[in-house]
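The values are calculated or read from the model by the stated rules, or taken from the named source; none is laboratory data. Since we're looking at a predicted model, the values are computed, not measured. Don't worry about glycine lacking a Cβ; one is built from the backbone with ideal geometry, like all the others, and counts go over all protein chains shown. The protein model used for the area step is the full one, side chains on, heavy atoms only, and it has no ligands, DNA or RNA in it. Shrake-Rupley method; radii C 1.70, N 1.55, O 1.52, S 1.80 Å.
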Amino acid sequence: MTFLDSLLYMLNEMSPYILLGFLIAGVLHAFVSRETFARHLSGNNLPSVIKAALIGVPLPLCSCGVLPTAIAMRRNGASRAASSAFLISTPQTGVDSIAATWSLLGPAFAVLRPVAALVTAVAGGAAVGTTERGESSAETCSYAPDATDSRHSTFADKIIASLRYGFVDLVSSIGLWLTVGLIIAALITVYVPSDFFAILGNRPILSMILALLVAVPMYVCATGSIPIALSLMLKGLSPGTAFVLLMAGPAANFASFTLISREMGRRAATVYLGSIIAGAMAMGLAIDYFMPAHWFAIGQSEAMHGACHHEFNTFSTFCSAILASLLIYSLIRRFYNPQITYTDMTKEYIITGMNCPHCQNAVKKAIAGVDGVNTVEVDLQAGIATVDGRADHSAVIDAVHAAGFEAREK
């Protein structure tokens, strides 16, 4: 099997489900306001933690894309406990990744992913809640919603906003990492010998620890981790180890840990990371030692069959063409920077904490809402915001901070 065959097979298997997930995500974004989430999450108690975890499970946000939303919720009155539960559950899974997991890894993985995300989020949020007891609710600062929080006046406006968010903004947010995940998976499938992981396949605990060492610092979205997990299983790793990668890879990275430490304290960030690691290990061991092996062998055998025969139907091929076009467009948007016209009112700001187009859009909309700003362009790669207008410089910096990032004049 060639690299191209492997890549096209995985793309064809995932594309219909991913497109459906993008559509559902857009509907959630346009029809449910972020303020509604925050109003129900102010309590430092188990019900608030459970609500936050349940809200986060279907949302297809990556581990850096979820940060501005969670920080905004926190600054709008959500407790540390609820915010942490949301941070833990959201990046682990989503409607898009659940559907894509079913398509490549089978129903057992697809069901266990949201269950594991919910359980670890509730446990982690409750643990963070113990660090918050006795603190005044006045500690949280007010939050001014950005442009993404405004409600659209008509049903047609909401439909347009749903499509734009699902198929433009969200694809831009995870498109690069989904592409990288597919490429890595295809490379593993084609070039790694079939018995390469055989020795680790007989030592699940060791393989899970190694998977954690790779997954925790690595950035990969929930959907992009699926083909990587599949290709590693095909090379001999246990289903439990693949599940550890599916949980830990999307849920944590160094950038998230640093930002959470700043916003919620080092203790809360440590509990957040520890709950993800403990939950991933516990679920991985449960899969390998206590759950029927045939639950996971079905998806694996189907993947092998498909990979060998790579029979593509018309609908899947059509969906793959659409998804590939969206991914190409998202990559162009990510790396193309329009020419900026500088005037004597132009100022540049160094922005720290941006990791994806979702972060980029949050910063841009926050600055655009400052009085006196005429135009603003945000360069994600350089970490520079170029602002034209007569806006007060401290107001620009405060707006960026309110969105969950740091800024200083260049």
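Just one of the listed residues (Met304, Met354) is touching a Gly at 6+ places or on another chain (Cβ under 7 Å) and either at pLDDT below 80 or farther than 28 Å from Pro239 by Cα (or both), and it is Met354. Applying the set (1) modelled with pLDDT under 85; (2) within 25 Å of Leu28 (Cα to Cα); (3) open to solvent by less than 10 Å² (accessible area, probe 1.4 Å); (4) not basic (Lys, Arg) to Ser142 leaves exactly one unmet item: (3). Of the listed requirements (1) open to solvent by 40 Å² or more (accessible area, probe 1.4 Å); (2) under 22 Å from Gly224 (Cα atoms); (3) modelled with pLDDT of 80 or more, Trp177 misses just one: (3). Total residues in the range 355-372 satisfying the condition of being without any contact (Cβ under 8 Å) to a residue 60 or more places away in the chain and part of a helix (DSSP H, G or I): the figure is 4. Put simply, of Ile228, Ile188, Ile199 the only residue that is at pLDDT 80 or above, out of contact with any Pro (no Cβ under 6 Å at 6 or more places or on another chain) and outside any loop (DSSP other than H, G, I, E, B) is Ile228.
Could you go through the range 373-382 and let me know if any residue there is within 24 Å of Leu59 (Cβ to Cβ), within 21 Å of the chain's Cα centre (by Cα) and in contact (Cβ under 8 Å) with a residue 40 or more places away in the chain. Checking the range 373-382: at least one residue is within 24 Å of Leu59 (Cβ to Cβ), within 21 Å of the chain's Cα centre (by Cα) and in contact (Cβ under 8 Å) with a residue 40 or more places away in the chain. Scanning the range 368-410 for residues that are among the polar types (S, T, N, Q) and buried (at least 18 other Cβ atoms within 10 Å of the Cβ) returns a single hit, Thr386.
Among what's in the range 228-248 and is open to solvent by 10 Å² or more (accessible area, probe 1.4 Å) and of a type in the set (A, V, I, L, M), pick the residue that is farthest from Ile184 (Cα to Cα).
Only one residue fits best here, namely Leu237.
Which residues, taken from the range 257-276, are of a type in the set (A, V, I, L, M, F, W, C) and under 14 Å from Ala127 (Cα atoms)? Hits for the range 257-276 are Met264, Ala268, Ala269, Val271, Leu273, Ile276.
Considering only the range 85-113, state which residues are among the β-branched types (Val, Ile, Thr) and open to solvent by 10 Å² or more (accessible area, probe 1.4 Å).
Of everything in the range 85-113, those that are among the β-branched types (Val, Ile, Thr) and open to solvent by 10 Å² or more (accessible area, probe 1.4 Å) turn out to be Val95, Ile98, Val111.
Pull up the range 21-64, narrow it to residues that are assigned to a helix (DSSP H, G or I) and β-branched (Val, Ile, Thr), then point me to the one that is modelled with the lowest pLDDT. Result: Thr36. In the range 109-134, the residues that are modelled with pLDDT under 90 form Cβ pairs under 6 Å with partners that are open to solvent by 10 Å² or more (accessible area, probe 1.4 Å) and among the β-branched types (Val, Ile, Thr), at six or more places apart or across chains, as follows: Ala127/Val271; Val128/Val271.
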